[in-house]
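Trainee: Structure incoming, see below.
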Amino acid sequence: MFADYKKDFYLAGPGYLLNHSVGRPLKSTEQVFKEAFFAPWQESGREPWGQWLSVIDDFTFALSKLFNGHQKDFCPQVNLSSALTKIVMSLDRLNREHAVVLMSEIDFPSMGFALKKALPASCEVRFIPKGLDVTDPNVWDAHISRDVDLVFVSHAYSNTGQQAPLANIFTIARERGCLSLVDVAQSAGIIPLDLASLQPDFLIGSSVKWLCGGPGAAYLWINPAILDRCQPKDVGWFSHENPFEFDIHDFRYQHSAMRFWGGTPSIAPYAIAAHSIHYLAGLGVPLLRKCNQQLIDAVAQELEHEFVSPRDVEKRSGTLILQFGEQQHKIMTALANANISVDARSMGIRISPHIYNNMADIKLLLDVIKANR
């Protein structure tokens, strides 16, 4: 089951399990980055923009493979908060009086901050209470009322190890006339997502976690059926139908998601991320998911009472949560001393195995835990 993928990555220590935070870099990334970014700049007396912009094409193409979407429907972004703000501000429906956005209290706080500042003061951000089970379609059914304009949903919740039932949520939203937006920051590269099948209205994501692509290479996806309703406010010359027309009196949106791009683009983060996304998409997210879940199962079997994230595979993210109560600090210290990288939030210790982890890593984790309980 576990091929030797460790050899392809830079791994700091025997037990890196923090992939919900930052994924490890590929060993080949440095050379690829040099060829894609530095070489056109260093080795030619001509401006490098032609070659640099091909990096963006490669990035959106890699995303199209990963999510089974069309390349033209993806657009690079600096981060998720910026992507969300641009989308919300582009829609007349969300910029009228008393619009309603639904999200969960356990969504990443940055998303709530961005929504509240981007929406008009009269708009309501309505929350599913944090005590309710976001893996239960009935919870979403009860909260997606017909007055909701946008349903914001995280595909995976890193603090709880839960996975949202996207197919059910999007079906309910469509039936009740609501727009839908999915945040895949904690699922991209570890939980399969097929845009052609699910058909949300919007998707936002980043590359720094399971995609092992470093910070700065975020993205958004727009369902082409809704593109004409999107009139971005935060634009620049690369949002223009013809960026090189240079007529200050005539702005026309690009006929693709790239209307959300903006001004002079960053290139370097996307050179790194495109390479890692191609690598992981080549392995296939179902394989990544299978390996991840097998390692999570091994922990669940050994720590029955401390395992507090979902046991049902369909409800799990790529992250497992362990709760040791008063022993938590002692165990965290022991894991750190053993050079095992995990972290802790309100529910417990977060552990996220990736394709470069194996059963030996999990055995070491369990041995340290059992010796310090």
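The values are calculated or read from the model by the stated rules, or taken from the named source; none is laboratory data. What you see is a predicted model, and the numbers here were worked out from it, not measured in a lab. Here the Cβ positions follow ideal geometry from the backbone for every residue, glycine too, while neighbour counts run over all protein chains shown. These area figures cover heavy atoms from the full protein model, side chains too; ligands, DNA and RNA do not enter into them. Shrake-Rupley method; radii C 1.70, N 1.55, O 1.52, S 1.80 Å.
Trainee: Measuring with a 1.4 Å probe in the full set of protein chains, what accessible area per residue, in whole Å², belongs to the chain?
Mentor: Heavy-atom SASA per residue in the chain reads 43 Å².
Trainee: Ordered by residue, what ³J(HN,Hα) values in Hz, to whole numbers, does the stretch 21-33 give under the Karplus form 6.51 cos²θ - 1.76 cosθ + 1.60, where θ = phi - 60° and Gly and Pro are x?
Mentor: Taking θ as phi minus 60°, the curve returns 9, 9, x, 7, x, 5, 5, 7, 4, 4, 5, 4, 5 Hz for the stretch 21-33.
Trainee: Normalised by the number of residues in the chain, what is the relative contact order in percent for Cα pairs under 8 Å and 6+ residues apart?
Mentor: That works out to 24 percent.
Trainee: List every residue whose amide H lies under 5 Å from the amide H of Asn19, counting only residues 5 or more places away in sequence or on a different chain, with H placed 1.01 Å from N in the peptide plane.
Mentor: Long-range HN contacts for Asn19: Ser352.
Trainee: What residue among Ser54, Phe74, Gly13 has its Cα farthest toward the positive end of the dipole of the stretch 1-116, where the charges are +1 on Lys, Arg and -1 on Asp, Glu, each on the Cβ?
Mentor: Selected residue: Gly13.
Trainee: Please give the charge dipole size of the stretch 147-210, origin at the Cα centre, charges +1 on K and R Cβ atoms and -1 on D and E Cβ atoms. Round to the nearest 20 debye.
Mentor: That gives the stretch 147-210 a dipole magnitude of about 180 debye.
Trainee: Another one. Work from the charge dipole of the chain (Cβ charges, +1 for Lys and Arg, -1 for Asp and Glu, about the Cα centre) and give the residue of Gly213, Ala39, Ser346 farthest towards its positive end.
Mentor: The Cα lying farthest towards the positive end belongs to Ser346.
Trainee: Another question, if that's okay. Rounded, prolate or oblate: pick one for the stretch 142-292, where a ≥ b ≥ c are the square roots of the eigenvalues of its C-alpha gyration tensor, a/c under 1.5 means rounded, and failing that, prolate if a/b is larger than b/c, else oblate.
Mentor: Details: a/c = 2.42, a/b = 1.21, b/c = 2.01.
Oblate is the answer for the stretch 142-292, as a/c is 1.5 or above yet b/c matches or exceeds a/b.
Trainee: Between Leu227, Tyr253, Ile87, whose Cα lies farthest towards the positive end of the dipole of the chain when Lys and Arg beta carbons carry +1 and Asp and Glu beta carbons carry -1, centred on the Cα centre?
Mentor: Ile87
Trainee: Counting only other residues whose beta carbon sits under 14 Å from that of Gly318, what net charge do I get with K and R as +1, D and E as -1?
Mentor: Net local charge, Gly318 excluded: +4.
Trainee: Measuring from label point to label point, each 7 Å out along Cα→Cβ, what is the Lys27 to Lys7 span in nm?
Mentor: Once both label points are built, they end up 0.8 nm from each other.
Trainee: For Glu304 and Phe244, compute 0.36 nm times the residue count separating them, minus their Cα-Cα distance, and round to one decimal in nm.
Mentor: 15.5 nm
Trainee: Between the stretch 340-360 and the stretch 59-73, what's the alpha-carbon centroid distance in Å?
Mentor: A separation of 29 Å, based on Cα centres.
Trainee: Still on this structure, I have one more. Multiply the residue separation of Ala268 and Lys34 by 0.36 nm, subtract the distance between their alpha-carbon atoms, and state the gained length in nm to one decimal. Could you put the intermediate results ahead of the total?
Mentor: Numbers: separation 234, 0.36 × 234 = 84.24 nm, distance 0.97 nm.
This chain segment gains 83.3 nm when fully extended.
Trainee: Ranked highest first by average number of other Cβ atoms within 10 Å, how do 346-354, 321-329, 185-193 line up?
Mentor: Highest-to-lowest ranking by the protection proxy: 185-193, 346-354, 321-329.
Trainee: Using DSSP to define loop residues, name the GluC sites (Glu not before Pro) in the stretch 54-127 whose beta-carbon has at most 10 other beta-carbon atoms within 10 Å.
Mentor: Glu97
Trainee: Then there is this: 7 Å from Cα along Cα→Cβ at both Asp312 and Leu287: what's the point-to-point distance in nm?
Mentor: 3.0 nm
Trainee: Now for a different question. Compute the length gained on full extension between Ser54 and Asp343: take 0.36 nm times their separation in residues and subtract their Cα-Cα distance, giving the result in nm to one decimal.
Mentor: Full-extension gain reported as 100.3 nm.
Trainee: How large a share of the accessible area of the chain, in percent, is made up of carbon and sulfur atoms when the probe is 1.4 Å and the other protein chains stay in place?
Mentor: Carbon and sulfur together cover 53 percent of it.
Trainee: Would you mind estimating how fast the chain diffuses translationally, via Stokes-Einstein at 4 °C and 1.567 mPa s with the Kirkwood radius over Cα pairs, in µm²/s?
Mentor: 60 µm²/s
Trainee: With the contact rule set at Cα under 8 Å and sequence spacing of 6 or more, what percent relative contact order holds for the stretch 214-373?
Mentor: Contact order relative to length: 18 percent.
Trainee: Convert each backbone phi in the stretch 255-267 into a coupling constant with the Karplus relation 6.51 cos²θ - 1.76 cosθ + 1.60 (shift: θ = phi - 60°), then list the ³J(HN,Hα) values in order as whole Hz, x for Gly and Pro.
Mentor: For the stretch 255-267, the Karplus-derived couplings read 8, 7, 4, 5, 4, 8, 6, x, x, 3, x, 6, 10 Hz, x marking Gly and Pro.
Trainee: Sticking with this one: Residue by residue through the stretch 105-117, which ³J(HN,Hα) values in whole Hz follow from phi under the Karplus form 6.51 cos²θ - 1.76 cosθ + 1.60 (θ = phi - 60°), with glycine and proline marked x?
Mentor: Computed from phi, the couplings for the stretch 105-117 are 5, 9, 5, 4, x, 4, 5, x, 4, 5, 4, 5, 7 Hz.
Trainee: Hey, another quick one. Mind listing the long-range amide H neighbours of Asp343? Cut-off is under 5 Å, sequence gap 5 or more, other chains count too, H placed in the peptide plane at 1.01 Å from N.
Mentor: Sorted by chain and number, the residues that satisfy this are Arg350.
Trainee: Using modelled amide H (1.01 Å from N, peptide plane; none on Pro or chain starts), what sits under 5 Å from the amide H of Arg316, excluding residues fewer than 5 places away?
Mentor: When sequence neighbours closer than 5 places are left aside, the close amide H contacts are Gln163.
Trainee: Let me ask something else about it. Springs between alpha-carbon pairs under 10 angstrom, Gaussian network model over the chain: which of Asn138, Asn159, Asn19 fluctuates most?
Mentor: For the chain, modelled as a Gaussian network with Cα springs under 10 Å, the answer is Asn138.
Trainee: Determine the relative contact order of the stretch 110-228: mean sequence separation of Cα pairs under 8 Å and six or more apart, normalised by residue count, in whole percent.
Mentor: Worked out over the stretch 110-228, it gives 18 percent.
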